[in-house]
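Shown next, in structure tokens, is the structure this report addresses.
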Amino acid sequence: MYYGAQPMQKPGEDTAYPAIIDTGSSQLSIPPDVFDKIQAEWSKALPNLDCTSDKTFCHIAEGCDSVATKIKPVGFQMSDYVFEINPAQYLYKANENKCYFVIHKCRLPGKNKDLFLIGDAFLRHFYSVYDFDQDQISLGINVHSLGQVTMYKPGERPGDKAASATPAPAATEEASAAPAAAPAAAPAAPEAPAAPAADATATPATTQSAA
């Protein structure tokens, strides 16, 4: 997982966790150790962030439009691509002066807590193709979400490349060719300079898995 260009998991040091595509969830649950890191980054930008009074969600007494300008996009690496969503896509406006974060710590019991549960906050922005014969899930950017999300290969983040005056590949071109399935125990892609955010296998179950 990434916070902007910063990896929240380091290759060879941190665990690569499974990811489940959960069409029955509206949020994004992430493993506790990864959540603690990203929460620390949010708190640097938002000193008044409250992640204790609500059992599930961090929130702040500030409008979401204002909050979105102070925090960074988050990216989930699945197989050979990073899928990045902008702050506005993981914030929920409770009212004019209260904003919730829909990314939260996974609270499933036992080892099940070490999962990325990818729900509608993510899935609404990506076309999903489920290939049970090949045990594979493919993802591509929804045309209605252009500009709100991005997909790129690790090390080729468009914003970073633009800053270095190197042309970035168009997200829509990448979307049509993005493979998104790999064996459950597969390590991060060899070319990836940063840690994988999720790594799992697609299975024909009620809740699908992504790589």
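Since every read-out is calculated from the coordinates, none of them should be taken as a lab result. Because the structure is a prediction, the values reported are computed rather than measured. Backbone-built Cβ (ideal geometry, glycine too); neighbour counts: all protein chains shown.
Of note:
- For region 11-98, applying the loop criterion from DSSP together with a ceiling of 15 other beta carbons within 10 Å to the GluC sites (Glu not before Pro) yields Glu13, Glu96.
- Karplus-derived HN-Hα couplings along region 123-129 (A = 6.51, B = -1.76, C = 1.60, θ = phi - 60°), whole Hz, x at Gly and Pro: 5, 4, 9, 9, 5, 10, 10
- Sites listed here are trypsin sites (Lys or Arg not before Pro) in region 1-66 whose DSSP assignment is loop and whose Cβ has at most 16 other Cβ atoms within 10 Å: Lys55.
- Computed from backbone phi with θ = phi - 60° and the Karplus coefficients 6.51, -1.76 and 1.60, the 3J(HN,Hα) list for region 72-79 is 10, x, 10, x, 10, 8, 10, 6 Hz; x is used for glycine and proline.
- Gain on full stretching of the segment that runs from Tyr92 to Asp160 - 0.36 nm per residue minus C-alpha separation: 21.8 nm
- Restraint check, Lys37/Lys70; Lys111/Lys153; Lys70/Lys93; Lys10/Lys98; Lys72/Lys111; Lys70/Lys111, Cα-Cα greater than 27 Å: Lys111/Lys153; Lys10/Lys98; Lys72/Lys111; Lys70/Lys111
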